[in-house]
Each structure stands twice: as C-alpha cells, then as structure tokens.
Amino acid sequence: MADKTIQPVKILYSGKAKQVYAAPDKDLVIIHYRDDATAFNGEKRGRIEDKGIINNKLSARFFRLLEEAGVPTHFVSLLNDRQMLCKNVAIIPLEVIVRNVVAGSLAKRTGQAEGVELPEPMVELTYKDDAQGDPLVTEEEAVSMGAASKEEVERIRQMALRVNEVLRPFALERKLRLIDFKLEFGRAGDGKIILADEISPDTCRFWDAETGEKLDKDRFRRDLGNVKEAYIEVWNRIGDYQPAPAV
C-alpha cells in the first residue's frame, strides 16, 4: 500500500497517538498513526502493537463510509499502513461525545449502571484542555469561550448526530454495539466545518452485540487484557486486517 510520491515536509504537531506532518501541498497534511496508548488524559501510558495500523485503516474505512452518506471529512486517501493524506484544517477546540448507552464517565457522574440504553442519543461537549482535564461545557459556554460560534456549535451537533445515524446501524450489522464515541471537527480553508481526527477503538466504545465483550480502549484503561486482539476483532468485522511486513 506504500505511496512514496507524497513525502512529509516537516512535523506540525505531535499528539498522544498521532503525528501531523506538512505535505508538499499546503492545503494537505499527512497524519501518522503510532502504537502509543494513553488514558486518563495521559496519566496512563503504554503501547499496543499494530494499533496505529489498525486505527489508520479503520478511520479510512469509516471516513469513506461517512463521505458516501454526505458527511464531509478531512480524509483524502491512505498513503501506507500508518499514514493517511488529509485536508489541512484548523481544529476546533471541542471534543464532541455522542452517547447511545450509559458507560464510562456518564455512569460515574449519574450513578446509572453501564449498559443502560439511553432513550435517545446524547451529545456532550468538552473543551480541549489537558491541564483542566477536558472539562464538560454547555453549548453556551463553548460560544462564550470563543471555541466556536453559535451557528458552528449547532452545525457540529447536527453533524455528530448524523455520524451516529450512519455508524450505529453499520456497526450493528457487524454485531458491534456502538456505545459512544468522540469526534473532533475542524475548519477547512474555506471556513467550512468538516469532520477530522480519527474514528477507531481509541475514540469509540464497541461492545460485542451478543456477549457484551468490550472491544475498544477500555481494555487498556481497565487492564482487561487482550487489547490488541480486541482491536483486530473490530477490524476483522469491518475488513481484512493484515499487519505491515517486518522491516
């Protein structure tokens, strides 16, 4: 799958599990997926072998699916096992969480049992600030902080719900229950808001629809074991997983 015609120019950003490089075309960037794993805002760190490969390919699969459903994304093409070419966007400093089922922090905040189906999808916003622990904010607070305009926040909310409408049945057809997921959005060069970041077991909770087995990063967060195997299982239900050849 290697494409040596597009090479990184310089590193623009190094995150917890990905690096962003400038591409020869200033309107594009190259995103490199690493095997690093973090949880609890970086307090827990580790490595999941081949996670970068799986997340790169899964994200590409989901982005293509969403584009076909009318959701604009930053995805352009896969370059190789660990890299994709994307549109250069200014990331909006909000994480958008869509919840279908009670799990994680929602269970802790409300005292509800994990696994309880919500009457309708819930959309939450957090402000991207590791120092503050990515605090929950209301739509009004997001606007007052200058993260986005009122119209942009509403656009983001509607796009997030549309993503859920597409991915939830898609996953269920493959016997995966989409519990919740985190999205990020960015402004393209023309100011248009598009979906960015990634869609993978790092950012989504996937449970086996029949057994309830967790098939996502919660296995790393909670020391449940078989983390790589869970990621591979998600990919196997989406497409054919093949690790990169040894160098």
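The values are calculated or read from the model by the stated rules, or taken from the named source; none is laboratory data. Every value quoted in this text rests on a predicted model; they were computed, and no experiment measured them. FYI the Cβ positions are ideal-geometry reconstructions off the backbone, even for glycines, and counts take in every protein chain you see.
At-a-glance table
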read-out: VAL234 being under 22 Å from GLY104 (Cβ atoms) and either modelled with pLDDT under 95 or outside the structural domain of SER105 (by TED's automatic domain parsing) (or both); value: yes
read-out: Residue match in the range 69-78 (condition: of a type in the set (Gly, Ala, Ser), part of a loop (DSSP other than H, G, I, E, B), in the same structural domain as ARG187 (by TED's automatic domain parsing) and farther than 20 Å from ASP202 by Cβ); value: no
read-out: Residue in the range 180-192 that is within 10 Å of the chain's Cα centre (by Cα) and among the basic types (Lys, Arg) present; value: yes
read-out: Hey, ALA142 at pLDDT below 95 and among the small types (Gly, Ala, Ser) or not; value: no
read-out: Selection count, the range 84-117, where residues are out of contact with any Asp or Glu (no Cβ under 8 Å at 6 or more places or on another chain), under 25 Å from ASP130 (Cβ atoms) and part of a strand (DSSP E or B); value: 3
read-out: Given (1) touching a residue at least 40 places away in the same chain (Cβ under 8 Å); (2) farther than 30 Å from ARG47 by Cα; (3) among the charged types (D, E, K, R), index of the condition GLU139 fails; value: (1)
read-out: Any hit, the range 139-146, residues being surrounded by fewer than 16 Cβ atoms within 10 Å (Cβ to Cβ), in contact with a Ser or Thr (Cβ under 8 Å, 6 or more places away or on another chain) and not charged (D, E, K, R); value: no
read-out: Single residue of ALA196, ALA148, ALA171 found to be in contact with a helix residue (DSSP H, G or I) (Cβ under 7 Å, 6 or more places away or on another chain) and either small (Gly, Ala, Ser) or over 28 Å from ARG34 (Cβ atoms) (or both); value: ALA148
read-out: Which listed residue is touching a strand residue (DSSP E or B) at 6+ places or on another chain (Cβ under 7 Å) and modelled with pLDDT of 95 or more, from ILE92, ILE6; value: ILE92
read-out: Scan of the range 93-108 for residues that are in contact with a helix residue (DSSP H, G or I) (Cβ under 8 Å, 6 or more places away or on another chain) and under 27 Å from ILE194 (Cβ atoms), ordered by number; value: LEU94, VAL96, VAL98, ARG99, ASN100, GLY104
